[in-house]
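Novice: Here it is, the structure, as structure tokens.
The values are calculated or read from the model by the stated rules, or taken from the named source; none is laboratory data. Given the structure is predicted, the values throughout are model-derived calculations rather than measurements. All Cβ positions, even for glycine, are placed from backbone atoms using ideal geometry, and neighbour counts span all protein chains on display.
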Amino acid sequence: MNITVYCGAFPGANPEYARKAEELGEWIANNGHTLVYGAGDRGMMGAVSDGAIKCGGTAIGVTPNFFVLAEVTREDLSELIVPETMSERREKMMELGDAFIALPGGTGTLDEISEVAAMKRLGKLGDIDKPIMLYNIDGFYDGLLSFFDRVLEDEFFREADRANIYEVKCIEDIARVIENAGGIDKTRNKEFDTE
């Protein structure tokens, strides 16, 4: 399965963020999944890819050429996809993903995971159930989860829309969400899959 992870290019103030990001990358690799992420070599992106790569996992990076030219792109990826624009990057990361996880990050991370949620709501992620998870490390996403609850309360979401966004607090939660997403094609065959 391809797991698309959105996260910050900075490590954040809490060392637990990067530690959990690396742990997630390790889990992805050790369970035969493929990491799809923004191709960065530092911050949270560096941590999640470090975890996957050091465990022999497959890591696909997707980033526009201006990040490649700025030399902030990881060089030891299984595959590097270089779209022209940030919009094309988001589209490619959604297209590749079978499940989506937002680690702590800034406005870019929020933009990406919000677009995934919007596309799922519109039925644009395909027929397979693709879970969307907020990895709520040390309460990082408490405010956003409260906002989504308010959106539901004020009837800008349906119950199903809110139910599509999972709060996860540990690797075991992530594994459970993925396992219970009955419609996921767990044998998705990509050129670089390790399964």
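Novice: I'd like to know if segment 79-91 contains one or more residues that are crowded, with 22+ Cβ neighbours inside 10 Å and of a type in the set (S, T, Y).
Specialist: Checked against the condition, which is being crowded, with 22+ Cβ neighbours inside 10 Å and of a type in the set (S, T, Y), segment 79-91 yields no hits at all.
Novice: Residue under question is K54, and the condition is that it be touching a helix residue (DSSP H, G or I) at 6+ places or on another chain (Cβ under 6 Å) and among the basic types (K, R); does it hold? Steps first, answer last, please.
Specialist: Details: touching a helix residue (DSSP H, G or I) at 6+ places or on another chain (Cβ under 6 Å): no; among the basic types (K, R): yes.
No; evaluated as a whole, the condition is false for this residue.
Novice: A further question follows. Given (1) in contact with a Leu (Cβ under 9 Å, 6 or more places away or on another chain); (2) modelled with pLDDT of 95 or more, identify the lone condition not met by V68.
Specialist: (2)
Novice: OK, next. Only strands (runs of 3 or more DSSP E) wholly contained in segment 40-148 count here; list those with 2 or more residues that are within 20 Å of V168 (Cβ to Cβ) and touching a residue at least 60 places away in the same chain (Cβ under 8 Å). Give the steps one after another, and end with the answer.
Specialist: Numbers: elements: 58-62, 79-81, 99-102, 132-135.
The strands (runs of 3 or more DSSP E) meeting that bar are 99-102.
Novice: Scan segment 132-149 and tell me whether some residue there is of a type outside the set (A, V, I, L, M, F, W, C), modelled with pLDDT under 95 and either on the phi < 0 side of the Ramachandran plot or in contact with a strand residue (DSSP E or B) (Cβ under 9 Å, 6 or more places away or on another chain) (or both). Reasoning before the result, please.
Specialist: From segment 132-149, those of a type outside the set (A, V, I, L, M, F, W, C) are 135-136, 138-139, 141-143, 146, 149; that's our starting set.
Among the residues that remain, those that are also modelled with pLDDT under 95 are: none.
Scanning segment 132-149, I find no residue that is of a type outside the set (A, V, I, L, M, F, W, C), modelled with pLDDT under 95 and either on the phi < 0 side of the Ramachandran plot or in contact with a strand residue (DSSP E or B) (Cβ under 9 Å, 6 or more places away or on another chain) (or both), so the answer is no.
Novice: Just for segment 132-178: of the residues that are under 22 Å from M94 (Cα atoms) and of a type in the set (G, A, S), which one is nearest to the chain's Cα centre (by Cα)?
Specialist: So the first thing to find is which residues in segment 132-178 are under 22 Å from M94 (Cα atoms), and the list is 132-136, 141, 144-145, 148, 157, 160-168, 171, 173-178.
If we keep only those that are of a type in the set (G, A, S) as well, we get 160, 163, 175.
Details: A160: 21, A163: 18, A175: 14 Å.
Among those residues, the one meeting the criterion is A175.
Novice: Give the residues of segment 149-175 that are aliphatic (A, V, I, L, M) and in a helix (DSSP H, G or I), sorted by residue number. It would help to see each step written out before you state the result.
Specialist: Kept after step one, since they are aliphatic (A, V, I, L, M), are these residues of segment 149-175: 151-152, 160, 163, 165, 168, 171, 174-175.
Residues satisfying the conditions are V151, L152, A160, A163, I171, I174, A175.
Novice: Give me the residue from segment 13-39 that is without any contact (Cβ under 8 Å) to a residue 60 or more places away in the chain and among the hydrophobic types (A, V, I, L, M, F, W, C) and, out of that set, surrounded by the most Cβ atoms within 10 Å (Cβ to Cβ).
Specialist: Top of the filtered list is I28.
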